[in-house]
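Q: Let me begin by handing over the structure; questions about it come next.
Quick note: the coordinates plus some simple rules give every number you see, no bench work behind them. Computed from a predicted structure; not experimentally measured.
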Amino acid sequence: TEQGLISCDQFCGLVKIQQDSLPAPGAIALQRNLMSIRQVAAVNSEIEQTGGGDFLDIAVERRLIQPAVAELIARLQSVSAESVTTLAIRCGLITSAQADVLYRHFLKSANRLPAQPAPAETPEAETPAAEHAAPSGEARQPVPQPKFRQRPVIVHQYDVTY
């Protein structure tokens, strides 16, 4: 969006398509023989009866899978997602040549970023900024996320062959 090739609304639409195209965790669990058909059906039934819920959370709560297995399924789900760049190309928003240029621009700008400062060797109490810094045990404030005035436009996928 920085380069003006796609709008923020189009980008949000691509992210929505990406999320909608993720394989269901139950399908992954079945493909990898991590759960039986009955177990997956039981979790899906509970989701339908309660009107929602996270598949993996329910499966762990019902002791159908271990938390480590749920993490594995979530990782497998995320790596199977199609990249936003690939979706933008398939939807005809950018060409593969434009994607290559943008990637090279990203790499170039990433190399220009200043290196992370080395940790100070002086004790925290002696540094002048220490009185304004958050204590080491506290989490930093979250970075505010951008707010859009309009709802995202859903970009439809088209079968484009290259």
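Q: What is the range 1-48 by shape, rounded, prolate or oblate, if you read a ≥ b ≥ c off the alpha carbon gyration tensor as root eigenvalues and call it rounded for a/c under 1.5, prolate for a/b larger than b/c, and oblate otherwise?
A: Verdict is prolate for the range 1-48.
Q: Roughly how many whole Å is it from the C-alpha centroid of the range 91-108 to that of the range 1-48?
A: Answer, in whole Å: 25.
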